[in-house]
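Chemist: My questions will all concern the structure given below.
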Ligand SMILES: Cc1cc2nc3c(=O)[nH]c(=O)nc-3n(C[C@H](O)[C@H](O)[C@H](O)COP(=O)(O)OP(=O)(O)OC[C@H]3O[C@@H](n4cnc5c(N)ncnc54)[C@H](O)[C@@H]3O)c2cc1C
Ligand SMILES: Nc1ncnc2c1ncn2[C@@H]1O[C@H](COP(=O)(O)O)[C@@H](O)[C@H]1O
């Protein structure tokens with residue numbers, strides 16, 4: 001079973017984010033890391049692959065620069081190889097453009113199962129994986145909180161407003177996983193060393209036969225016209241509990257007539 | 001692109017159109033002269049009255065999906081309608097599991113991008129959307145360029161639902177395109193998690209707990225307090241991920257959006273993804289032992305203290321009031 005995992009490499013969410021003042025897109029010029037959301041996908045893929053004989057996990061990423069540190073993390077966790085689509089023309093690509101690029105790269109890996117996160121930490125459009133599925137002509141099961149496969153079909157517990165549904169789907173298919181489905185492993189020292197020699201196939205748009213005008217700022221058919229500070233809530237009263245914290249809350253609830 | 005016709009993706013539960021559906025219909029009425037809905041399910045016709053009352057003149061009925069996940073068949077039906085020359089200027093899609101699936105598939109079928117996480121819309125000849133970023137500290141305004149309908153995925157509680165007094169919507173069957181492999185996912189069983197009390201996204205009081213509770217069993221404090229206040233119990237993602245409470249309790253970007261009269265956050269740090277789900281609450285009370293916790297920046301009353309002291313005392317105080 002060929003398992004392909006989409007992994008996005010993002011600016012460290014712990015560092016303060018900023019928007020480029022002219023393009024209004026997220027500044028991605030610094031070092032990028034593996035999106036935490038995707039570490040669940042990588043872990044899920046590794047676990048599923050381990051249960052089906054002859055399986056291999058490939059990670060796929062698209063980035064405007066040749067950043068591979070996030071891919072190396074995924075390789076260190078245990079993925080066998082990586083595909084990076086990297087091209088200067090990709091800066092400013094919208095979700096649909098991203099999906100077109102990823103779909104073209106994923107098709108090359110002849111996937112039986114494609115795994116992505118329900119949404120990325122920095123973009124959180126949450127649409128890329130389903131767009132990829134549609135582009136590849138595959139069924140998709142989103143918001144999986146549990147996944148099992150025998151190599152020919154998947155059984156998924158899919159979150160719903162009310163609880164969850166058991167969903168079955170034959171492979172090939174796209175599955176998106178929520179955080180917390182599995183506990184991502186920490187790469188071992190051995191894994192980190194091994195990752196250094198694992199293959200990373202770097203592709204350009206030309207390699208994928210994609211016209212640069214379909215992606216990037218020129219291809220994006222949505223634009224940000226303004227960014228402004230939101231109305232902030234007026235500062236409230238912050239008090240240190242001196243044993244009277246509960247009473248203060250009761251008084252507040254009385255004041256707003258909740259009790 | 002002047003806004004003339006808007007379609008709303010209507011989600012219909014057994015009890016009728018969902019609250020977010022009615023919110024989107026109401027907003028569609030204010031931006032467009034013609035509002036139509038798209039729905040699926042075994043019994044759309046019986047909800048034509050409500051859909052009409054909130055603004056839909058017509059509802060395209062995709063019908064019973066027989067266990068198929070809605071994404072592919074519903075997007076397929078919409079794409080056929082659009083390609084048949086019946087395109088709306090915009091499509092409003094609720095930011096729900098199925099709504100997002102439909103939007104993603106339709107985006108490819110129409111070769112149009114999607115604007116997601118929309119919390120407000122503005123019309124000035126054209127339609128533009130507002131999106132909170134950086135945990136809601138900033139608002140981005142965006143719009144579509146080029147030809148074709150704009151697909152807006154809109155968060156619940158962005159607009160208030162109000163009936164407009166329209167007549168029952170005309171029910172028109174939607175086309176049923178051939179989906180090939182894309183329609184292959186099947187629901188084989190459904191599990192409904194029972195919860196008592198009001199629904200999380202409809203309750204006037206929400207009491208949420210986070211990792212600061214320390215252990216799963218301490219969530220009972222949250223449930224007891226919520227019960228005493230006739231409210232609903234919520235949670236941060238940290239404790240949902242840890243398996244302390246089911247996902248249906250999660251408040252935030254990937255969980256429910258709540259706007260209660262009062263939101264009580266106990267042992268929650270106030271990460272940006274949590275804040276976007278509850279910042280719209282009328283009043284916010286936070287209990288956290290770290291006085292620098294970001295949750296205090298949105299709190300009307302912040303208690304710097306230990307949840308294991310404050311919550312039991314609060315529960316006692318409320319009980320003694322009877
Ligand atoms: C793409 C994405 C989507 C996300 N979506 C969501 C979402 O929908 N909802 C959500 O909530 N999160 C979401 N998150 C996760 C979010 O970033 C935070 O990790 C999460 O909200 C933290 O939960 P917490 O506040 O319970 O835990 P922590 O951040 O660990 O905070 C625990 C708090 O408890 C306090 N504390 C500890 N002990 C005590 C005590 N005895 N008494 C009082 N206070 C105490 C600590 O000071 C701390 O502030 C998302 C993240 C990503 C990347
Ligand atoms: N540039 C990218 N490279 C690889 N995977 C991506 C990329 N963008 C999005 N994805 C995948 O799609 C998921 C959802 O992303 P988004 O639509 O941005 O919320 C991510 O968590 C990834 O799994």
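Taken together, the values in this text are just the output of simple stated rules run on the coordinates, not laboratory data. Predicted model, so just to flag it, every value in this text is computed and none were measured. Because the Cβ atoms are built from the backbone with ideal geometry, glycine has one as well, and the counts that use them run over all protein chains shown.
Chemist: What FRET efficiency would be calculated for the residue pair residue A:12, residue B:14, taking the C-beta separation as r and a Förster radius of 51 Å, to the nearest 0.05? Kindly include the intermediate steps, with their values, before the conclusion.
Modeler: Working: r = 45 Å, r/R0 = 0.88.
Efficiency for this residue pair is about 0.70.
Chemist: Within a 10 angstrom radius of each residue's Cβ in B:112-120, how many Cβ atoms of other chains show up on average? Whole number is fine.
Modeler: On the way: counts 3, 12, 10, 5, 7, 5, 0, 1, 0.
Neighbouring Cβ atoms belonging to other protein chains average 5 per residue here.
Chemist: How high is the relative contact order of chain B, in percent, with contacts defined as C-alpha pairs under 8 Å that are six or more residues apart?
Modeler: In percent, rounded to a whole number, it is 15.
Chemist: Within a 10 angstrom radius of each residue's Cβ in A:143-155, how many Cβ atoms of other chains show up on average? Whole number is fine.
Modeler: Details: counts 6, 0, 3, 0, 0, 0, 0, 0, 0, 0, 1, 1, 1.
Averaged over the peptide's residues, the number is 1.
Chemist: Let me ask something else. Add -39500 (n - 2.57) for each DSSP H run of 4 or more in the protein assembly as shown, then divide by its residues: what number comes out at 222 nm, to the nearest 500 deg cm²/dmol? Working shown, then result.
Modeler: Values: 16 runs with 155 residues, N = 581.
Taken over the protein assembly as shown, the calculation gives -7500 deg cm²/dmol.
Chemist: Give me the Kirkwood hydrodynamic radius of the protein assembly as shown in Å, from all C-alpha pairs, to one decimal place? Spell out each step's value before the answer.
Modeler: On the way: mean 1/r = 0.0406 Å⁻¹.
Evaluated over the protein assembly as shown, this radius sits at 24.6 Å.
Chemist: Cut-off 17 Å, label point 7 angstrom out along Cα-to-Cβ of residue A:19: give me the residues of the stretch B:118-142 whose amide nitrogen falls inside.
Modeler: B:118-122, B:128-142
Chemist: Estimate the FRET efficiency between residue B:83 and residue A:251 by the formula 1/(1 + (r/R0)^6), using the beta-carbon distance for r and 51 Å for R0, to the nearest 0.05.
Modeler: Values: r = 61 Å, r/R0 = 1.20.
Between residue B:83 and residue A:251 the formula returns 0.25.
Chemist: Residue B:191 label point, 7 Å along Cα→Cβ, cut-off 12 Å on backbone N: hits in the stretch A:151-170?
Modeler: Within reach of a label on residue B:191: A:156-160, A:163-167.
Chemist: Take the alpha-carbon positions of the stretch B:3-184, form their convex hull, and give its projected area averaged over all directions (one quarter of the hull surface) in nm².
Modeler: On the way: hull surface 40.5 nm².
Across all orientations, the stretch B:3-184 yields a mean hull projection of 10.1 nm².
Chemist: Can I ask one more? Under the 0.36 nm per residue contour assumption, what length would be gained going from the current alpha-carbon distance of residue A:201 and residue A:29 to full extension? Kindly include the intermediate steps, with their values, before the conclusion.
Modeler: On the way: separation 172, 0.36 × 172 = 61.92 nm, distance 2.18 nm.
In short, 59.7 nm is gained.
Chemist: How fast does the stretch A:1-104 diffuse by Stokes-Einstein, in µm²/s, taking the Kirkwood radius from C-alpha pairs at 25 °C and 0.890 mPa s? Numbers along the way, then the final one.
Modeler: Details: Rh = 14.4 Å.
This corresponds to a translational diffusion coefficient of 170 µm²/s.
Chemist: Using the basic label-point model (7 angstrom from Cα toward the beta carbon), what is the residue B:111 to residue B:33 distance in nanometres?
Modeler: 3.1
Chemist: Residues of the stretch B:241-278 with the amide nitrogen closer than 15 Å to a label point 7 Å from the Cα of residue B:230, along Cα-to-Cβ, please.
Modeler: Of the residues in the stretch B:241-278, B:261-262 have backbone N under 15 Å from the label point off residue B:230.
Chemist: So how much slack lies between residue B:181 and residue B:220, counting 0.36 nm per residue of separation and subtracting their Cα-Cα distance, in nm?
Modeler: Numbers: separation 39, 0.36 × 39 = 14.04 nm, distance 4.58 nm.
Length gained, residue B:181 through residue B:220: 9.5 nm.
Chemist: For the stretch B:192-270 and the stretch A:196-259, what is the centre-to-centre distance using only Cα atoms, to the nearest Å?
Modeler: The two parts, judged by their Cα centres, are 20 Å apart.
Chemist: Taking the mean number of other Cβ atoms within 10 Å as a proxy for protection, how do you rank A:22-32, A:137-147 from highest to lowest? Can you show the working numbers first?
Modeler: Details: A:22-32: 14.2, A:137-147: 22.9.
Answer by packing, highest mean first, reads A:137-147, A:22-32.
Chemist: Now, a different point. Can you bin the stretch A:2-219 into rounded, prolate or oblate? Criterion: square roots of the alpha carbon gyration tensor eigenvalues sorted a ≥ b ≥ c, rounded for a/c under 1.5, prolate for a/b above b/c, oblate for the rest.
Modeler: Details: a/c = 1.44, a/b = 1.30, b/c = 1.11.
Cα axes put the stretch A:2-219 in the rounded bin.
Chemist: Is the shape of the stretch B:37-103 best called rounded, prolate or oblate, per the rule: a/c under 1.5 gives rounded, else a/b larger than b/c gives prolate, else oblate, with a ≥ b ≥ c the square roots of the Cα gyration tensor eigenvalues?
Modeler: Numbers: a/c = 1.40, a/b = 1.07, b/c = 1.31.
Note, shape of the stretch B:37-103 comes out rounded.
Chemist: Assign one of three labels to the stretch B:86-127, namely rounded, prolate or oblate, based on the Cα gyration tensor with a ≥ b ≥ c the square roots of its eigenvalues; rounded applies when a/c is under 1.5, prolate when it is not and a/b is larger than b/c, and oblate otherwise.
Modeler: Details: a/c = 2.19, a/b = 1.26, b/c = 1.74.
The shape class here is oblate.
Chemist: Measure nothing but the geometry: give the 0 to 90° angle between the long axis through the Cα atoms of B:219-228 and the longest principal axis through the Cα atoms of chain B, rounded to 10°.
Modeler: 80
Chemist: At 7 Å along Cα-to-Cβ for each site, give me the label-to-label distance between residue A:146 and residue B:160 in nm.
Modeler: 4.3
Chemist: Now, a different point. By how many nm would the segment from residue A:233 to residue A:80 lengthen if fully extended, with 0.36 nm per residue of separation less the alpha-carbon distance? Each step should come with its number before you reach the end.
Modeler: On the way: separation 153, 0.36 × 153 = 55.08 nm, distance 4.88 nm.
Residue separation times 0.36 nm, minus the Cα-Cα distance, leaves 50.2 nm.
Chemist: Something else about it: Let me know the mean shielding of A:167-180 by other chains, meaning the per-residue number of their Cβ atoms within 10 Å of its Cβ.
Modeler: Working: counts 9, 7, 6, 4, 1, 2, 4, 2, 1, 2, 0, 6, 5, 9.
Per residue, the number of nearby Cβ atoms from other chains is 4 on average.
Chemist: Could you tell me how far the Cα centroid of the stretch A:1-62 sits from the Cα centroid of the stretch B:100-171, in Å?
Modeler: Each part's Cα centre sits 27 Å from the other's.
Chemist: Taking 8 Å as the Cα distance limit and 6 or more residues as the minimum spacing, I'd like the relative contact order of the stretch A:2-219 as a percentage. Can you show the working numbers first?
Modeler: Values: 486 pairs, mean separation 57.3, N = 218.
Relative contact order here is 26 percent.
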